[in-house]
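Report on one structure; see the data block that follows.
The values are calculated or read from the model by the stated rules, or taken from the named source; none is laboratory data. Predicted model only: the values in this text are computed from it and were never measured. Here Cβ is always computed from backbone atoms with ideal geometry, including for glycine, and neighbour counts include all displayed protein chains. SASA here: full protein model, heavy atoms, side chains in, ligands and nucleic acids out. Shrake-Rupley method; radii C 1.70, N 1.55, O 1.52, S 1.80 Å.
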Amino acid sequence: MQAIELLTTRSSMPRLVAPGPTHEQLQLMFQAACRAPDHMALMPYSFTLYQEQGRAKLGTIFASAAKARELNETQVAQAQELPLRAPAVIMVAMRAQQHDKVPRDEQLACAACATLLLQQAAFAQGLGAIWRTGWLAEDGVVKAQLGLAPADAIVGFLYVGTPAVATPIKPDKDWQSKVEIVE
């Protein structure tokens, strides 16, 4: 896939099946992610890969967060099953660092760029991926059980696998309405 095509046709793939990414594909994805713009080279992110039984462990964490919110049994069961929707789930965290030249928001932006590069590298290798957030990415119980500090953030859970169907390409957006030219 050519770079411009990759950038201009990016679409999430929510229906993912086995096989998941190979070790070599994952290495390239993580290598690409670490090329994110990174003021002062802080690398304010970390990646946790959940495969095989690791996905069930993540599901147990999601279920405990749902129980803590006093959701009903059906919702707790649904939360527990979420990580099983793809052969691999990568949790991307922003690990906040005190730095007088790099504020927290800039570190969060860096981690978000790393997540996008991770996803784009998956697409470039013929994989499918979808970047999920939602209440689980914001939940204190989830963050604590995943070993994150209060100042850290879950940037998202990237679900990765083989597309179950052809990836639907969304229509182009009206980018002109978002551009202001000052001459």
So the carbon and sulfur contribution to the accessible area of the chain, 1.4 Å probe, in percent, is 55 percent
At the level of C-alpha centres, the distance separating the range 97-118 and the range 159-183, in angstrom, is 23 Å
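What number comes out for the charge environment of Leu49, summing +1 per Lys or Arg and -1 per Asp or Glu over other residues with Cβ under 13 Å away? Don't skip to the end; give the middle numbers.
On the way: positive: Arg55, Lys57; negative: Glu52.
Value of the local net charge: +1.
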Taking N as the number of residues in the chain, what value does Rg over Cα atoms divided by 2.2 N^0.38 Å take?
1.09
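By per-residue mean of other Cβ atoms within 10 Å, what is the highest-first order of 122-134, 63-75? Write out the running numbers ahead of the final one.
Numbers: 122-134: 19.0, 63-75: 14.5.
Highest-to-lowest ranking by the protection proxy: 122-134, 63-75.
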For the range 5-15, just list the computed ³J(HN,Hα) in residue order, Karplus coefficients 6.51, -1.76 and 1.60, θ = phi - 60°, integers in Hz, with x standing in for Gly and Pro.
4, 4, 6, 8, 10, 4, 8, 6, 10, x, 9
Surface per residue (accessible, 1.4 Å probe) for the chain, Å²
58 Å²
For Met43 and Glu81, what does the FRET efficiency come to when R0 = 41 Å and r is the distance between their Cβ atoms, rounded to the nearest 0.05?
0.80
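Give me the Kirkwood hydrodynamic radius of the range 80-160 in Å, from all C-alpha pairs, to one decimal place?
On the way: mean 1/r = 0.0741 Å⁻¹.
13.5 Å is the Kirkwood radius here.
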Would you mind computing, in nm to one decimal, how far apart the modelled labels at Thr133 and Ala164 are, each placed 7 Å from Cα along Cα→Cβ?
2.5 nm
